[in-house]
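Undergrad: Structure provided below as structure tokens; questions to follow.
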Amino acid sequence: MKYRVWDKVKRKFADNIVLDKDGDLIEFYQGTSDWTYLTPGECVDRYLISMCSLCKDEREQYIYEGDLVRIDSERPLYTVTYEEGKFLLQNDENAVLHDLYEFYPFQLKKVGNIYQN
């Protein structure tokens, strides 16, 4: 499984946080071999985990939960969500849903994510 971790405090994706096999977050300290488990309170208040769909867009970039995607040259943006075991493309009105896997990579263009845009 591939994932990324958004740090709400630093407002960027964390490059020193990993998930262990049980789903607990571990923080590595830059420049050292030291690490520590984060408490559930720290995790809930500070970090968001986004799963990777393992789908790629036209530029060969992985598409993650929370990414903003455009289909072909359509004007609306879709947000990638994960619901009931599926990665879905959802529009702003939460009305139109598409299964992400219905599209070929050349039809999809990742244009950002809900955290930074």
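Undergrad: Taking 7 Å along the Cα-to-C-beta vector as the label spot, tell me the Arg11-Tyr82 distance in nanometres, rounded to one decimal.
TA: 2.6
Undergrad: For Asp24, Asp45, which order do you get if you count the other beta carbons within 10 Å of each Cβ and list the fewest first?
TA: With the fewest neighbours first, Asp24, Asp45 line up as Asp45, Asp24.
Undergrad: Further, regarding this structure: Between the alpha-carbon centers of the range 61-117 and the range 1-41, tell me the distance in whole angstrom.
TA: That distance is 25 Å.
Undergrad: Give, rounded to the nearest 20 debye, the magnitude of the charge dipole that the chain has about its Cα centre when Lys and Arg contribute +1 at Cβ and Asp and Glu contribute -1 at Cβ.
TA: 400
Undergrad: Something else: Test of the criteria: in the range 1-86, which trypsin sites (Lys or Arg not before Pro) are in a DSSP loop and have at most 14 other Cβ atoms within 10 angstrom of their Cβ?
TA: Answer by residue number: Lys2, Lys8, Lys10, Arg11, Lys21, Arg59.
Undergrad: How are the Cα pair distances of the range 1-103 distributed, in percent, across 10 Å bins from 0?
TA: 13, 39, 30, 15, 3
Undergrad: Can you put Tyr78, Tyr47 in order, fewest other beta carbons within 10 Å first?
TA: Tyr47, Tyr78
Undergrad: Can you put Glu27, Glu65, Glu84 in order of Cβ neighbours within 10 angstrom, beginning with the fewest?
TA: Least crowded to most crowded, the residues run Glu84, Glu27, Glu65.
Undergrad: How much mean residue ellipticity at 222 nm does the chain get from its helices, if each DSSP H run of length 4 or more adds -39500 (n - 2.57) and you divide by all residues, to the nearest 500 deg cm²/dmol?
TA: So the calculated ellipticity at 222 nm is -1500 deg cm²/dmol.
Undergrad: Right, something else. So for the chain, averaging the separation of alpha carbon pairs under 8 Å that are six or more residues apart and normalising by length, what relative contact order in percent results?
TA: Across the chain, relative contact order equals 21 percent.
Quick note: the coordinates plus some simple rules give every number you see, no bench work behind them. Quick caveat: nothing in here was measured; it's all calculated off a predicted structure. So basically every Cβ, Gly included, is an ideal-geometry build from the backbone, and we count neighbours across all protein chains shown.
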